[in-house]
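Working notes, beginning with the structure itself.
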Amino acid sequence: MMKLATAAQMKELDRQAIGERHIPSIDLMERAAEGVAQAALDLLPDRPGKCRTAAFCGAGNNGGDGIATARLLFLTGVKIRAFLVGQYEKLTPDALEETARLSECGVELETFDPDDPGQAAWARSCHVLIDAVFGVGLSREIAPDSVFAAAVRLMNGCQGRVVAADIASGVEADTGRVLGCAAKADRTVTFTLKKVGQAVGDGALLSGEVEVRDIGIPADLRQRTVCPVQTVEADFVKAALPARKPDGHKGDFGKLLIVGGAVGCTGAPYLTASAAERSGCGLVYLGVPEGIWAVEAAKCVSSMPFPLPEKQGLLSYKALYDIEEKLSGCDVLALGPGLGRGEQVTRLVCELLTRTEKPVVLDADGINALTGHIDILDRRRGRVTVLTPHDGEFARIGGELSHGDRVRAARDFAMAHGCILVLKGHRTVTAAPAGNVLVNTTGNSGLAKGGSGDVLTGVIASLLAQGAGAVQAAAAGVWLHGRAGDLAADRLTAYGMTPEDTIREMPAAFLEILR
């Protein structure tokens, strides 16, 4: 796992290091510049003396990092020009000091002029460009007609590789939102801790490869920084996997009941059951409308489908008692895949959520059934309820995404309703009732296909049934699902892979973790 810091936390770390530990701020800036310069050198296609670079530097301390980087690159033999994007009189004391050091080397900090064809031509001829216009403190949108926007557009329009100092300019550090416009970095050298905005939202796409650079903030200060947002990595998943007894039998590895399906939606419950089997669950039962039971029975070899009362192709409220009888012998209920929408379905879902004490993984139309009935979810506070909505389903049950902050939206919902929320999408986030959030690091666009969510539900429910902690099952399930998807894309491309291919790669994803 990796901590993800906010802008406020980084500001406080700097304050403690400089004000309390008496580390000169210029020393921190020099170490930051060393990391950015090295990243730039790594991207050069030839010897430094044969390459050109341009550094676009703001007037703040992030700009100071860029100015210092320009000096270090010059000293290696790189041909460089440094451009001040902003006003000279607004340079911070450290940025002024770095400007003087650069001048002593014979390189002057030039004022960036968007209308200067010579500056634009130089930038377009560069092999690497340094983005140091804005740091993590940016909180307002960049005006489209400003000199800052012009610098960002120029960098994005060049063929050279872009190295961002700390964060890609224009990306909001706490959310990953683009504030008007943003630089697209090939590599970001971020300082001390990775930022939330580099792991979620558009920021995850604009940051390129992110390297965390130690610039001299004392280790004890970093360790004391409590970051409620973290990434999910392989080490977390390995620790989350339930142990398997060498002498265990099928009853020792979890009993899962899946309830879903409708006429015209026979694939969803089958995919959920198949994913649960491939994720280690000992016994998988599948309750479906009696009209599609024969189809499911033909598809499912390892799981055990059984028919339930239906009305017009959807589960009837009369199925409640049969479901409860079967659930009494199971550990977890997965509710919703392919369920369909209707008055009796809504009534059935709400009644099951109210009556059962068992952990529930709620997906698809199981989530939609909560529309207008969110009080049912609130009553389950203290019981394990995992919701796996995409953005549309999340909005239907009251999720607030208009501010563009998926982490905050997921956290607020999970805390308000006492559930575990898996907000699906690029960099899926898992939020716990306690307020901690886990950001996924696997997956690709090949998972953006109907049925992928049903697979995810099966993996999470399987891990939960085997005894994994609720938050661990959710976050590890998302990671494994994404990793299996990555393996499927490697073999078949994101175009050609299907949810069933993701299921087939699930054993390989587990094997990577177990090795």
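The values are calculated or read from the model by the stated rules, or taken from the named source; none is laboratory data. Since this is a predicted model, take the numbers as computed values, not measurements. When we count neighbours, we look across all protein chains shown, and the Cβ atoms used for this are built from the backbone with ideal geometry, even at glycine. In case anyone asks, the SASA skips ligands and DNA or RNA and just uses the protein heavy atoms, side chains included. Shrake-Rupley method; radii C 1.70, N 1.55, O 1.52, S 1.80 Å.
Details
- Being in contact (Cβ under 8 Å) with a residue 60 or more places away in the chain, within 20 Å of L464 (Cβ to Cβ) and more than 30 Å from the chain's Cα centre (by Cα) holds for only one residue in G260, G282, and it is G282.
- Screening F413 on (1) at positive phi; (2) open to solvent by less than 30 Å² (accessible area, probe 1.4 Å) shows it passes everything except condition (1).
- Any hit, the stretch 59-79, residues being more than 36 Å from the chain's Cα centre (by Cα), farther than 21 Å from M10 by Cα and open to solvent by less than 40 Å² (accessible area, probe 1.4 Å): yes
- Listed here are the helices (runs of 4 or more DSSP H) enclosed by the stretch 447-515 that have at least 1 residues being farther than 30 Å from G382 by Cα and touching a helix residue (DSSP H, G or I) at 6+ places or on another chain (Cβ under 8 Å): 470-496, 499-504, 506-514.
- Each residue in the stretch 298-324 was checked for being out of contact with any Asp or Glu (no Cβ under 8 Å at 6 or more places or on another chain) and among the hydroxyl-bearing types (S, T, Y), and 1 of them qualify.
- Flag if G254 is of a type outside the set (A, V, I, L, M, F, W, C), open to solvent by less than 10 Å² (accessible area, probe 1.4 Å) and either more than 20 Å from L320 (Cβ to Cβ) or in contact with a Lys or Arg (Cβ under 9 Å, 6 or more places away or on another chain) (or both): yes
- Beta carbons closer than 9 Å, at least 6 apart along the sequence or on distinct chains, pair a first residue in the stretch 140-169 that is more than 29 Å from D46 (Cα to Cα) with a second that is part of a helix (DSSP H, G or I) and open to solvent by 20 Å² or more (accessible area, probe 1.4 Å) for I142/F148.
- The stretch 376-403: number of residues that are under 20 Å from L438 (Cβ atoms) and either touching a Leu at 6+ places or on another chain (Cβ under 7 Å) or open to solvent by less than 60 Å² (accessible area, probe 1.4 Å) (or both): 11
- Selected residue [within 17 Å of the chain's Cα centre (by Cα) and either surrounded by fewer than 24 Cβ atoms within 10 Å (Cβ to Cβ) or outside any loop (DSSP other than H, G, I, E, B) (or both)] from G180, G197: G197
- Residue check, E357 within 22 Å of L256 (Cα to Cα), part of a loop (DSSP other than H, G, I, E, B) and open to solvent by 20 Å² or more (accessible area, probe 1.4 Å): yes
- Filter result for V288 (touching a Cys at 6+ places or on another chain (Cβ under 9 Å) and not small (G, A, S)): no
- Residue satisfying condition, being of a type in the set (A, V, I, L, M, F, W, C) and within 29 Å of L464 (Cβ to Cβ), within set V178, V196, V171: V196
- R52 meets the conditions (1) open to solvent by 30 Å² or more (accessible area, probe 1.4 Å); (2) within 12 Å of T92 (Cβ to Cβ) in every case but one. The failed one is (2).
- For the stretch 17-28, residues that are under 17 Å from G137 (Cβ atoms) and touching a residue at least 60 places away in the same chain (Cβ under 8 Å) total 3.
- For D501: the one exception among (1) of a type in the set (D, E, K, R); (2) open to solvent by less than 30 Å² (accessible area, probe 1.4 Å); (3) under 22 Å from E393 (Cα atoms): (3)
- Every test in (1) under 25 Å from P359 (Cα atoms); (2) touching a residue at least 60 places away in the same chain (Cβ under 8 Å); (3) open to solvent by 10 Å² or more (accessible area, probe 1.4 Å) is passed by V471 save one, and that test is (2).
- Picking from residues in the stretch 102-128 that are assigned to a helix (DSSP H, G or I) and free of Cβ contacts under 8 Å to residues at least 12 places away in the same chain, the one that is surrounded by the most Cβ atoms within 10 Å (Cβ to Cβ) is S103.
- Residue within the stretch 138-150 that is in contact with a strand residue (DSSP E or B) (Cβ under 6 Å, 6 or more places away or on another chain) and either part of a loop (DSSP other than H, G, I, E, B) or not polar (S, T, N, Q) (or both) present: no
- Residue list for the stretch 67-101, filter: outside any loop (DSSP other than H, G, I, E, B) and in contact with a Leu (Cβ under 7 Å, 6 or more places away or on another chain): I67, A70, R71, I80, A82, L84, T99
- The single condition among (1) part of a helix (DSSP H, G or I); (2) surrounded by 24 or more Cβ atoms within 10 Å (Cβ to Cβ); (3) of a type in the set (G, A, S) that G35 does not satisfy is (2).
- Screening the stretch 377-436 for residues that are basic (K, R) and under 17 Å from the mean Cα position of the chain (by Cα) and picking the one that is nearest to R483 (Cα to Cα) gives R427.
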